[in-house]
1. Using just the helices of the chain, give the 222 nm mean residue ellipticity in deg cm²/dmol: DSSP H runs with n ≥ 4 each add -39,500 (n - 2.57), and the total is spread over all residues, rounded to 500.
2. Can you tell me which of Pro137, Pro60, Pro146 moves the most in a GNM of the chain? Springs connect C-alpha atoms under 10 Å apart.
3. Counting only complete DSSP H runs, which helices of the chain cover 20 Å or more along their long axis at the Cα atoms and score a mean Kyte-Doolittle of -1.0 or above?
4. Using only Cα positions of the chain, each an equal point scatterer, no hydration layer, compute I(q)/I(0) via Debye at q = 0.08 Å⁻¹ and quote the log10 values to two decimals.
5. Which one, Leu101, Leu134, Leu144, has the greatest fluctuation when you compute a Gaussian network model over the chain with C-alpha springs under 10 angstrom?
6. For a quick check, take a GNM of the chain with Cα springs below 10 Å and name the residue from Asp120, Asp97, Asp82 with the largest mean-square fluctuation.
7. Expressed as a rounded percentage, what relative contact order does the chain have, with Cα pairs under 8 Å and six or more residues apart?
Amino acid sequence: MKIVSKLIILLLLVASCKSPEARKPEQVQSGSFIKESAERNKKLNERERKRIEDIMSQNPEYDYVASESGFWYYYHTKVEIDTITAGFGDVINFDYDVKDLNGNVIYSQQELGPQTYAMDQEEIFTGLREGLKLMKPTESATFLFPSQKAYGYYGDNNRIGTNIPLMCRVTVNSIKNNE
């Protein structure tokens, strides 16, 4: 009898130690969210590019240049002889304003005041940083930035909302080389 009861206890212990079956996921996530997001971004970029192209075609008096970085610009004042452009750490003093593509002022030049920026060492939105690298002292240009080159999805948490393309007129007052 002792052996039978020990055998029953042993069988119960072995049977109770079986691990439960793993649960199957209720919903399998695929890459569909990323694909949908990429598709939305492609459509947004296409709409913004078309809007910028419309602005350029409505203003044929300006000689627009397409940058390698994905924005467009034209010069009000272009300096041909000076070859100084800003490099890493150079300090640029400049004035600028910010408008939407309809020309509505978001931030005026007077409100922003003269800016001083150490190239690639301080925070500034991508398009403006890349635009400043193209400019020489005393040059003035207007840039048309698609939203991904401006403040993108997040805006500036103030007056610039989500996915707003921008127009900025920029004048470089001086560039001091960091040597």
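A short reminder: the numbers here are calculations on the coordinates, not readings from a lab. Every value quoted in this text rests on a predicted model; they were computed, and no experiment measured them.
1. Numbers: 4 runs with 55 residues, N = 179.
Helix-only estimate at 222 nm: -10000 deg cm²/dmol.
2. Pro60
3. Working: long enough: 2-16 (21 Å, 2.22); 32-58 (39 Å, -1.62).
Those that pass (Cα extent of 20 Å or more, hydropathy at least -1.0) are 2-16.
4. -0.39
5. Highest fluctuation among the options: Leu134.
6. Asp82
7. Values: 270 pairs, mean separation 42.8, N = 179.
Relative CO of the chain lands at 24 percent.
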